[in-house]
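Peer 1: Got a structure here, written out as structure tokens. Questions coming.
The values are calculated or read from the model by the stated rules, or taken from the named source; none is laboratory data. Just so we're clear, the structure is a prediction, and the values are computed from it rather than from any experiment. Cβ atoms come from the backbone with ideal geometry, glycine included; neighbour counts cover every protein chain shown.
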Amino acid sequence: MNGRRTMRGLGLVVLGLLAGTLVACGGGRERRAREPGAAVWASAAAVPLATETAERLRAAGVVELFLEGGRIENGAGTVRVERLFGAAPRTVGRTMLVVRGRAPEGKSGAEALANELRAVVAEADGRGIRPAGLHLDFDPVPSGLQIIELLGPVRKALPADRLLSVTIPRTALGDRDLPRVAKLTDFWVVFLFGQRPGEAEEFSFWDFYRTEQDARRVDALGEPFLLGVSTLATCSRLGPDGGVREVRTAFRLFPLLVHRGLERVPGSLLLGVDCQVVELRTRSRLGIDGWRLEPKDRLRMVRAPVHLVEELERLAGSWGLARHLGQLFYRLPEAGEGLSLSGAALAAALEPGAATPEIEVAIETLPARSGRLRFRVHLQNRSDLPTEIAALEHNFLTLHAPGARVHDVDLGEFSRYDLARSDARGERRGVLRADEVRLFVPMLEAGAEIVSGPLELIAPGRSQRLLISFDFLLPDGRVLAPPATEWELGN
């Protein structure tokens, strides 16, 4: 009998110790599993997703929106989380509420942050967002021990039915305390492909091979994780010494490519590994599109075109990682960030088949005197997918007017033109009595419309058959050149 009592007493002690451990590691609740599936990240200023786009993303496997809902503010011994979210946004599935900023220090700071985060989640519930959990994105990133000190109180403060995740930078993968961090979280986000604004430029981070090696290191740590992918295009202004003076995410590339005061830097296309790099150099002091550039300044754009996201999806699916939950795409664009991948572009990348721009041409007839036909050309990209940059062999619109003669060409927004005449066999024979004009652009941005000035033909009749075709290079190396269409000018 005494032996049974002793064993029973030991059992109670063990259960008590186990309960204490559970409390220490997460407020006495069991860890919750985050189901596999992709996710997208959005700031509070993100351009709202259209209903159709949200449906396409859901159908393509996106199950979650990481919504920036708060910013940590530390000062004068206080910790506060500024609320950033408004009403419940249109989303692609459940919502993870993101809180970003500098981590507070010490036990009292951790407790104060936990209380603030509890209030943030409650307020989000009241606004109809009802987040599935909380994601902490610290900048700068604390050490593993500091993260443990912060996450303990936060885990206790969160409702038992909510997930808790944290950003782990690639630079911390060797931290020996990371396995202990895993006891307090349900999953991690580790950004392994590309770079977010604020990180020092490093082209090796845009390398599929390195991404795979780092992903395997994360997988070996035993914590479920989302692989973070940067889909945000950046444009940096570099001084003559190569130092970064300014970085923008809201910019346009087309005005820079056609500006006479800028020239392409030879070999800059080879700088990137698995990304697109475009570098331009100033010839003199100039101001353009909000930039104030000094002589020998350079502008460098870095981005991941949609076909590289397609390739990363294919590769990641072949790695066979046990704890990889999917990709988290950072981030949906804000106003003016037209070179970053939009929700529609991401949907195209995740859907079956190669993503292809939708290019259309329309002709606007203009008044003309007898024997002449005048018109204007509208070239429009009706998709969120830009073309590749090309200077000579591609990226042009061809207008062929059999039996007529090109009399005048006003480029308008096009960059240059060529004239030619086709013989009976369709071969181009030079510019004498040209019946064909090619209008060139360096690229066609997402959603862009390029309009020519007036073009004039000398035609034998009151109407004229116009054959329209185009040839555009795509970022994955394909050429978009559909069969010619016919337009009737005049009557």
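Peer 1: Could you list all residues from region 347-361 that are touching a Ser or Thr at 6+ places or on another chain (Cβ under 7 Å) and touching a residue at least 40 places away in the same chain (Cβ under 8 Å)?
Peer 2: Result: A347, P357.
Peer 1: Name the single residue, out of those in region 66-78 being surrounded by fewer than 16 Cβ atoms within 10 Å (Cβ to Cβ) and in a strand (DSSP E or B), that is modelled with the highest pLDDT.
Peer 2: E73
Condition check ((1) buried (at least 21 other Cβ atoms within 10 Å of the Cβ); (2) more than 23 Å from L385 (Cβ to Cβ)) across all residues:
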residue: P266; (1), (2): no, yes
residue: G272; (1), (2): no, no
residue: L293; (1), (2): yes, yes
residue: L308; (1), (2): yes, no
residue: V361; (1), (2): no, no
residue: A368; (1), (2): no, yes
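Peer 1: Same structure, new question: Quick test for you: out of E111, E202, E149, pick the one residue that is exposed (fewer than 15 other Cβ atoms within 10 Å of the Cβ), more than 19 Å from E68 (Cβ to Cβ) and of a type in the set (D, E).
Peer 2: Going through E111, E202, E149 in turn, just one is exposed (fewer than 15 other Cβ atoms within 10 Å of the Cβ), more than 19 Å from E68 (Cβ to Cβ) and of a type in the set (D, E): E202.
Peer 1: Then there's this: For region 266-293, give me each residue that is among the basic types (K, R) and part of a loop (DSSP other than H, G, I, E, B).
Peer 2: R283, R285
Peer 1: Has region 324-334 got at least one residue that is surrounded by 14 or more Cβ atoms within 10 Å (Cβ to Cβ) and under 24 Å from I450 (Cα atoms)?
Peer 2: So far as region 324-334 goes, yes, one or more of its residues are surrounded by 14 or more Cβ atoms within 10 Å (Cβ to Cβ) and under 24 Å from I450 (Cα atoms).
Peer 1: Before we move on, is R217 surrounded by 15 or more Cβ atoms within 10 Å (Cβ to Cβ) and closer than 18 Å to G194 by Cβ?
Peer 2: no
Peer 1: Hey, can you tell me all the residues within region 42-60 that are out of contact with any strand residue (DSSP E or B) (no Cβ under 6 Å at 6 or more places or on another chain), assigned to a loop (DSSP other than H, G, I, E, B) and among the aliphatic types (A, V, I, L, M)?
Peer 2: Those that are out of contact with any strand residue (DSSP E or B) (no Cβ under 6 Å at 6 or more places or on another chain), assigned to a loop (DSSP other than H, G, I, E, B) and among the aliphatic types (A, V, I, L, M): V47, L49, A50, A60.
Peer 1: For region 128-239, which fully contained strands (runs of 3 or more DSSP E) count at least 3 residues that are under 27 Å from R118 (Cα atoms) and touching a Leu at 6+ places or on another chain (Cβ under 9 Å)?
Peer 2: In region 128-239, 133-138, 163-167, 187-193, 225-230 are the strands (runs of 3 or more DSSP E) which contain 3 or more residues that are under 27 Å from R118 (Cα atoms) and touching a Leu at 6+ places or on another chain (Cβ under 9 Å).
Peer 1: Note down all Cβ pairs under 6 Å where the first residue falls in region 400-422 and is in contact (Cβ under 8 Å) with a residue 24 or more places away in the chain and within 15 Å of E456 (Cβ to Cβ), the second is assigned to a loop (DSSP other than H, G, I, E, B) and hydrophobic (A, V, I, L, M, F, W, C), and they're at least six residues apart or on different chains.
Peer 2: Pairs found: A404/A459; V406/A434.
Peer 1: If you go through region 84-117 one residue at a time, how many are assigned to a loop (DSSP other than H, G, I, E, B) and of a type in the set (D, E)?
Peer 2: Counting residues in region 84-117 that are assigned to a loop (DSSP other than H, G, I, E, B) and of a type in the set (D, E) gives 1.
Peer 1: Listed residues V63, V81; which is assigned by TED's automatic domain parsing to the domain that holds H324, of a type in the set (V, I, T), closer than 30 Å to A348 by Cα and not in a helix (DSSP H, G or I)?
Peer 2: One residue alone meets the criteria, V63.
Peer 1: Can you find a residue that is aromatic (F, W, Y), closer than 26 Å to E55 by Cα and touching a Gly at 6+ places or on another chain (Cβ under 7 Å) anywhere in region 172-191?
Peer 2: Yes: region 172-191 contains one or more residues that are aromatic (F, W, Y), closer than 26 Å to E55 by Cα and touching a Gly at 6+ places or on another chain (Cβ under 7 Å).
Peer 1: Suppose the filter is under 30 Å from P442 (Cα atoms) and either acidic (D, E) or surrounded by fewer than 22 Cβ atoms within 10 Å (Cβ to Cβ) (or both); does P255 pass it?
Peer 2: When the stated conditions are applied, P255 passes them.
Peer 1: Being farther than 17 Å from G128 by Cβ and buried (at least 16 other Cβ atoms within 10 Å of the Cβ) is the filter here; which residues of region 81-101 pass it?
Peer 2: Passing the criteria: V81, V98, V99, R100, G101.
Peer 1: Something else about it: Just a yes or no: is a residue in region 187-202 over 15 Å from F225 (Cβ atoms) and of a type in the set (V, I, T)?
Peer 2: Looking through region 187-202, none of the residues is over 15 Å from F225 (Cβ atoms) and of a type in the set (V, I, T).
Peer 1: Which is small (G, A, S) and in contact (Cβ under 8 Å) with a residue 24 or more places away in the chain, of G101, G77?
Peer 2: Matching residue, one of G101, G77: G101.
Peer 1: Quick check: anything in region 312-323 surrounded by fewer than 21 Cβ atoms within 10 Å (Cβ to Cβ), modelled with pLDDT of 95 or more, outside the structural domain of D241 (by TED's automatic domain parsing) and part of a strand (DSSP E or B)?
Peer 2: no
Peer 1: Right, next: What single numbered condition from (1) buried (at least 19 other Cβ atoms within 10 Å of the Cβ); (2) at pLDDT 95 or above fails to hold for A459?
Peer 2: The one condition A459 does not meet is (2).
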